[in-house]
Amino acid sequence: MLKVVILTQENESKFWQDTFANVWEGPVDISFQKDFQVSDKFDLIVLDFSGRTSGALNVLSDVSSHLSGKHFLIVSDTKDADIAIEALKLGAIGFLVKPFRRFELINCLDRLHTAPKTHVPVRSAARIVTLLSYKGGTGVSTTTVNLGYALASLFSKKVLLIDTAGFSNHVTVLLNVIPKCTLADICKQGNNLDEQYLMNAVSKVGNNLSIIGGMIKPSDFSEISVQGLEHLLNVATELYDYILVDTSTHMLDELTMFFIQKANDLLLMTTFDLLAIRDNRFYIQTLKEQGVLEHRIKPIVNRQDWYIGSLEPELIQKQINHPIFHSLPNDWQACVEATNYGRPILDFAPNSKLATAYKILASKISKIAMPEAQVDQMANGVKAEAKDPKKKGILHWF
């Protein structure tokens, strides 16, 4: 049986069912996805960009790291030389423009009998995830820390957290880490910044999680330049799998806009607070007007049961006029206690609903299924190890 997954934004199930029935002798199992999910169970991946007025090349770039070692086919309803060239570079078995002829698809499918080309990028490319909100108090820093910790501990990914909210320095506080270098300190190095310097400049949490953070004086902002940030990302993307950026609220200043433009994913935090919903609706519209691709904006509803009888996520989605990507349940007490100890929720309360929600969020961002042991633990409610009472709180270094 030929197993095919088709990534498409349009409802063309009948078209693809009829198309494969006409060119493939034998049974075909076709499934459809709007958001790409990594899986090794498919014989062929079809990326159908039909109906997209823009952004196809960006989508292809976003999923390219997951196509290595797999047979995939690019389909579009417009002739786009840039997509065709990129598809060739990535090792696609073909690039078809609708309406394509039967023999064109057959010629592509004949290549399924050869070993897929493994795409080897010139350098590794960390996925950049920028977390933001127009309104304060929606959990941007808390989510940055816990998502980063989940990616590092659950999926063993190399993660760098960058705190750009220079006056608050919440990231290092939430992880009980003494900062080494601020963003200003890094940018002062200019083009002299190299891998060795960066690895010694970051604060570490375990083997996989690194942090650039620390309070920044007003005079330090003159040291932060676009050129310095560009060079930082050039170095960091070769060392890490994910770069998570904690931004300041309200502002669309040069620093925030830089990390918005560089982001593969924009996680926009909101709550059931009507002011947060209103402000973030305005924020999403502004981001789109600034040229941010719609598929990169991923709203997250935090503290879902903050009020009894509060607004439903569907109503929030309607109000902000954008699909909700994820939601986090309210566990205020656990958050306060975890903050007091300077520990992430996954470490402090690993079996809580909030910890589970962060694990699922990490799975969505990485497009990797959670390890079976984690799934079993969540399903069966297995108790994790008790907290270490000897662990110091965060006040010892203030």
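Taking all protein chains as present, what is the carbon and sulfur share of the accessible area of the chain, in % to the nearest whole number, probe 1.4 Å? Carbon with sulfur: 51 percent of the solvent-accessible area.
Taking each of LYS157/LYS204; LYS135/LYS204; LYS158/LYS188; LYS262/LYS318; LYS79/LYS367 in turn, the alpha-carbon distance tops 22 angstrom for LYS135/LYS204; LYS158/LYS188; LYS262/LYS318; LYS79/LYS367. Approximating the spin labels as points 7 Å out from Cα along Cα→Cβ, the PHE221-to-ASN200 distance works out to 3.1 nm.
Note on LEU315 and ASN234: their simple-model spin labels are 5.1 nm apart, each label 7 Å out from Cα toward Cβ.
Provide the packing ranking of 170-181, 150-161, i.e. peptides ordered by the mean count of other C-beta atoms within 10 Å per residue, highest first.
Taking the mean over residues of other Cβ atoms within 10 Å, the ranking is 150-161, 170-181.
Electrostatic tally near HIS170: other residues with Cβ closer than 12 Å to its Cβ, Lys and Arg +1, Asp and Glu -1, net -2.
Accessible surface computed residue by residue for the chain, with neighbouring protein chains in place and a 1.4 Å probe, gives 49 Å² per residue. With every protein chain in place and a 1.4 angstrom probe, the accessible-area ranking of MET215, MET257, largest first, reads MET215, MET257. Surface listing: TRP332, TRP24 arranged by accessible area from highest to lowest gives TRP332, TRP24, probe 1.4 Å. Using only the C-alpha atoms, the convex hull of the range 320-367 corresponds to 90 Å³ per residue. Look at the Cα gyration tensor of the range 147-233: its axes a ≥ b ≥ c give a/c of at least 1.5 with a/b at or below b/c, and that counts as oblate. Which of the aspartates and glutamates could a cross-linker span from LYS288 if the Cα-Cα distance has to be under 18 Å and same-chain partners fewer than 8 positions apart are dropped? Straight-distance partners of LYS288: ASP253, GLU254, ASP265, ASP279. Stretching GLU25 away from ASP253 to a fully extended chain increases their span by 76.3 nm, per 0.36 nm per residue minus the current alpha-carbon distance. If you take the Cα centroid of the range 153-210 and the Cα centroid of the range 226-264, the two points sit 13 Å apart. When the Cα gyration tensor is reduced to axis lengths a ≥ b ≥ c, the ratio a/c is 1.5 or higher for the range 244-286, and with a/b above b/c it is classed as prolate. Express as a percent, rounded to the nearest 5, the fraction of DSSP beta bridges in the chain (both residues included) that run antiparallel. Roughly 5 percent of the beta bridges in the chain run antiparallel, per DSSP.
Among ASP265, ASP246, ASP220, the largest mean-square fluctuation in a Gaussian network model of the chain (Cα springs under 10 Å) belongs to ASP220. Taking a Cβ cut-off of under 14 Å around THR142, the surrounding Lys, Arg, Asp and Glu residues balance to a net charge of -3, with basic ones at +1 and acidic ones at -1. Tell me whether the range 1-118 comes out rounded, prolate or oblate; compute the Cα gyration tensor, take square roots of the eigenvalues as a ≥ b ≥ c, and use a/c under 1.5 as the rounded threshold. Because its axes are fairly even, with a/c under 1.5, the range 1-118 counts as rounded. Within the shell of other residues whose beta carbon sits under 11 angstrom from the beta carbon of ILE300, the net charge comes to +2, with Lys and Arg scored +1 and Asp and Glu -1.
The values are calculated or read from the model by the stated rules, or taken from the named source; none is laboratory data. What you are looking at is a predicted structure, and each value in this text was computed from that prediction instead of being measured. As a convention, Cβ positions derive from the backbone with ideal geometry for all residues, glycine included, and neighbour counts pool all protein chains shown. For accessibility, only protein heavy atoms count, side chains too; no ligands or nucleic acids. Shrake-Rupley method; radii C 1.70, N 1.55, O 1.52, S 1.80 Å.
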